[in-house]
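One structure is given here, and the rest of the page talks about it.
The values are calculated or read from the model by the stated rules, or taken from the named source; none is laboratory data. Owing to the predicted nature of the structure, the values given are computational and were not obtained by experimental measurement. Note: ideal-geometry Cβ built from the backbone for every residue, glycine included; neighbour counts use all protein chains shown.
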Amino acid sequence: MKFQISERRACRVVDQPRSCQRYVVTPRTDEAPLIKRMLELVRKRPRFGYRRIGRLLQAEGWRAGLGRILRLWRKEGLKVPQKKKKKRRTGSAANGCDRHRTQGINDVWAWDFVFDRTTNGSALKWLSIVDEHTRECLALQPARSITSNDVIDTLAGLFAKRGVPKHIRSDNGPEFVAHAIQEWLKSMNVATLYIEPGSPWQNGYAESFHSRLRDEFLAIEEFETLGAAKRLTRTWKEDYNSYRPHSSLAYRTPAAFAAACVASASAAPTLQHHTRVPPTSPVTQLLPS
């Protein structure tokens with residue numbers, strides 16, 4: 001047997017104001033275009049969560065807090081698949097990123113290689129160089145193969161443009177431990193931080209960058225030729241540095257954070273800058289004429 005009671009009595013029983021029972025949500029006028037733009041960003045950046053998408057929307061001028069973005073995110077049924085993480089033991093090497101920490105811009109650069117293939121199966125190899133303090137991608141160069149001389153040429157261009165770092169962290173790959181590279185870095189007064197063999201987590205900033213690179217770029221794009229890979233890489237590198245908000249930088253872009261670091265250093269007269277390359281430096285001898 002079913003019983004019917006009035007709305008007033010039912011609200012009194014559950015101690016709920018009748019105004020809440022009768023409340024009808026009125027969608028905001030900008031809700032539809034906001035959802036449309038949010039879905040456009042999600043399709044373009046499928047590995048971004050609601051926080052990073054929200055920061056991009058706010059940067060475009062949308063008046064939407066993260067709470068509202070989360071509500072719309074759930075309403076649209078959006079979700080970023082979680083990646084499985086393995087537990088790893090921290091190594092004991094003094095050169096690891098958890099032992100020897102970066103102290104500022106141009107203090108420690110991290111470099112490594114990442115691999116992929118073109119659509120016809122030919123191998124591609126990227127050399128990546130990251131500033132551990134600003135998280136900037138300083139170099140990301142694809143090629144069929146990369147030798148120690150190619151690495152020196154890339155570093156020479158970066159040193160002339162950006163300045164000479166104090167340290168460079170890498171694994172024990174043959175390109176990095178080559179005698180030519182060691183001697184050249186020594187002549188530039190750059191200390192090398194080689195991590196323990198078989199301990200990639202000690203080069204954590206490079207590994208983290210490669211995780212983003214593969215998740216947001218290599219796993220999405222197809223490279224028909226080496227030329228196409230170079231063109232797409234340049235576009236992604238610029239987007240990563242200048243547009244993609246970085247969670248560890250309070251959702252600022254690496255370029256914006258680096259500019260703030262430079263401005264802060266310029267305002268402190270006691271700081272000694274080491275970002276200029278002397279005219280007699282070996283860098284100028286290695287740059288292409």
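Within the range 146-165, residues that are within 19 Å of Ile105 (Cβ to Cβ) have Cβ atoms under 9 Å from residues that are surrounded by fewer than 18 Cβ atoms within 10 Å (Cβ to Cβ) and basic (Lys, Arg) in these pairs: Gly163/Arg276; Val164/Arg276, counting only partners at least 6 apart in sequence or on another chain.
From the set of residues in the range 174-199 that are in a loop (DSSP other than H, G, I, E, B) and of a type in the set (Gly, Ala, Ser), which is nearest to Thr102 (Cα to Cα)? Out of the qualifying residues, it is Ser199.
Mind checking which residues of the range 209-225 are assigned to a helix (DSSP H, G or I) and either buried (at least 19 other Cβ atoms within 10 Å of the Cβ) or at pLDDT 95 or above (or both)? Spell out the reasoning first.
Within the range 209-225, the subset assigned to a helix (DSSP H, G or I) is 209-218.
Answer for the range 209-225, where residues must be assigned to a helix (DSSP H, G or I) and either buried (at least 19 other Cβ atoms within 10 Å of the Cβ) or at pLDDT 95 or above (or both): Phe209, His210, Leu213, Phe217, Leu218.
Listed conditions (1) modelled with pLDDT under 90; (2) at positive phi are all met by His273, apart from (2). Screening Arg45, Arg52, Arg37, Arg18 for residues that are surrounded by 12 or more Cβ atoms within 10 Å (Cβ to Cβ) and touching a Pro at 6+ places or on another chain (Cβ under 6 Å) leaves exactly one candidate, Arg52.
Restricting attention to the range 78-90, does a residue exist that is among the hydrophobic types (A, V, I, L, M, F, W, C) and in a helix (DSSP H, G or I)? The answer is no, given that none of the residues of the range 78-90 is among the hydrophobic types (A, V, I, L, M, F, W, C) and in a helix (DSSP H, G or I).
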